[in-house]
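Note sheet for the following structure.
The values are calculated or read from the model by the stated rules, or taken from the named source; none is laboratory data. Keep in mind that what you see is a predicted model, and the values were worked out from it rather than measured. Neighbour counts are summed over all protein chains in view; Cβ atoms, including those assigned to glycine, are modelled from backbone coordinates with ideal geometry.
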């Protein structure tokens, strides 16, 4: 009898272990099945270590990447291939934010019922991006032989239209990879943080609007040099008496350094956090790089930080969303890369601040950059010249918005903002407007 009881207990124990094991497996299967299916050893979806299934399309149905047993096949146009390489990804998946790596679970078409064999769910092996191949090609050619980046997104829907980075290479010729320039595998719009130069004055301006009640009556006399604790902040030339409109449109370093000291480091820290410039955005599971700032209590450093120099590092995508929030009256859609994705709304500034910023940025174009240089765009913008240190030409920045589209452009070692980066932005925005 005791033996039977013992055997019964053992059977119950083994049954319990089996049930528990089955439950654990079931939970992990539901939770991690797609991860298991995308493992490189899965011969159903990989061939020679490369994805052998799945197609990636742009927003207009243009094929950007098609995988089969012979390997990846990219777009027929070499310009489009190079322009979209960091978005789509390279054959060896060195671009960690590339679609063929970051979205590989979607590309293999994993389904919990049928696994990764594609049976009945072949359409699941298609990924449709918000990127426009033609516009990306225009951006690539507009940069010319210069390194840099171009980002454009629809601030109403969140759809990213263009993310082009240079240097790059042609992924259809993987043998070129060994000679690819340093930085070719980085999507700079997502994964870089760079000195923004005077585009950061849009951050300081928003801080002043929200924290300095007498800003409309504020003025500053610029002699070309402003002394802070015995050290100099300099401008390219003396700007004379400027109000906030003149200080921003003329990009007066002296005025903005003085204004930053009035605001103080606490206000500046709060503003970059409020604008989510220190946050990482989640773009369909791909994380952008957060910016970093140091609003030093040492006055000269604080002054230069408010100008967009010192240790300011801005992520281009975060700046682009900020531009969208100004256009949207204080809020904008969070960026997405997959067609049909839902986008949350991010609220960055209040509506009165956005209205004032809109007027200031429009004044920049009409009074300085020249409205005729951007025909039909009703552009709002700010240029920036980011000093890169002794012996290095500055980076030319240009950011803003036109209609539903916010943008950020940087031409590395290009020189001065609007003269260099402005024409790049114009070509890309005109290409979008022509669609």
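Key figures for this structure:
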| read-out | value |
| --- | --- |
| The listed residue being touching a residue at least 40 places away in the same chain (Cβ under 8 Å) and over 13 Å from the mean Cα position of the chain (by Cα), out of 225, 199 | 199 |
| Number of positions in segment 286-329 that are surrounded by fewer than 20 Cβ atoms within 10 Å (Cβ to Cβ) and in contact with a strand residue (DSSP E or B) (Cβ under 6 Å, 6 or more places away or on another chain) | 4 |
| Cross-chain or 6+ apart pairs with Cβ under 6 Å, segment 144-157 first and on the phi > 0 side of the Ramachandran plot and buried (at least 24 other Cβ atoms within 10 Å of the Cβ), then at pLDDT 95 or above and not in a strand (DSSP E or B) | 148/412 |
| Hits in segment 211-222 - residues which are surrounded by fewer than 13 Cβ atoms within 10 Å (Cβ to Cβ) and assigned to a loop (DSSP other than H, G, I, E, B) | 213, 214, 219 |
| Some residue of segment 375-382 being in contact with a helix residue (DSSP H, G or I) (Cβ under 7 Å, 6 or more places away or on another chain), under 15 Å from residue 138 (Cβ atoms) and in contact (Cβ under 8 Å) with a residue 12 or more places away in the chain | yes |
| Pick from segment 326-338, criterion within 17 Å of the chain's Cα centre (by Cα) and part of a loop (DSSP other than H, G, I, E, B), ranking: farthest from residue 57 (Cα to Cα) | 334 |
| Pair list, Cβ under 6 Å, 6 or more apart: segment 283-311 residue in contact (Cβ under 8 Å) with a residue 40 or more places away in the chain and at positive phi, other residue assigned to a helix (DSSP H, G or I) and surrounded by 22 or more Cβ atoms within 10 Å (Cβ to Cβ) | 308/197; 308/198; 308/200 |
| Qualifying position, being out of contact with any helix residue (DSSP H, G or I) (no Cβ under 6 Å at 6 or more places or on another chain) and either at pLDDT 95 or above or under 22 Å from residue 331 (Cα atoms) (or both), among 183, 151, 197 | 197 |
| Check on residue 164, in contact with a strand residue (DSSP E or B) (Cβ under 7 Å, 6 or more places away or on another chain) and assigned to a strand (DSSP E or B) | yes |
| Among the candidates 425, 359, residue that is under 25 Å from residue 184 (Cβ atoms) and either in a helix (DSSP H, G or I) or modelled with pLDDT of 95 or more (or both) | 425 |
| Filtered residues of segment 330-370 (kept if more than 23 Å from residue 384 (Cα to Cα) and out of contact with any strand residue (DSSP E or B) (no Cβ under 7 Å at 6 or more places or on another chain)) | 340, 341, 342, 344, 350, 351, 352 |
| Odd one out for residue 389, checked against (1) more than 28 Å from residue 143 (Cα to Cα); (2) without any contact (Cβ under 8 Å) to a residue 12 or more places away in the chain | (1) |
| Total residues in segment 362-379, condition surrounded by fewer than 18 Cβ atoms within 10 Å (Cβ to Cβ), at negative phi and assigned to a loop (DSSP other than H, G, I, E, B) | 1 |
| Filtered residues of segment 402-419 (kept if under 16 Å from residue 378 (Cβ atoms) and either in contact (Cβ under 8 Å) with a residue 60 or more places away in the chain or not in a strand (DSSP E or B) (or both)) | 403, 404, 405, 406, 407 |
| Residues of segment 64-110 satisfying the condition of being within 27 Å of residue 145 (Cβ to Cβ) and assigned to a loop (DSSP other than H, G, I, E, B) | 75, 76, 77, 89, 90, 91, 92, 94, 95, 96, 97, 98 |
| Filter result (on the phi < 0 side of the Ramachandran plot and surrounded by fewer than 19 Cβ atoms within 10 Å (Cβ to Cβ)) within segment 234-249 | 234, 236, 237, 238, 241, 243, 245 |
| Complete set of residues in segment 255-267 that are surrounded by fewer than 23 Cβ atoms within 10 Å (Cβ to Cβ) and either touching a residue at least 40 places away in the same chain (Cβ under 8 Å) or closer than 17 Å to residue 320 by Cβ (or both) | 258, 261, 262, 263, 267 |
| Positions within segment 394-416 being under 20 Å from residue 359 (Cα atoms) and more than 18 Å from the chain's Cα centre (by Cα), in sequence order | 403 |
| Options 386, 359, 327: the member that is under 28 Å from residue 296 (Cβ atoms) and in contact with a helix residue (DSSP H, G or I) (Cβ under 9 Å, 6 or more places away or on another chain) | 386 |
| Search result, residues across segment 245-254 that are free of Cβ contacts under 8 Å to residues at least 60 places away in the same chain and out of contact with any strand residue (DSSP E or B) (no Cβ under 7 Å at 6 or more places or on another chain) | 246 |
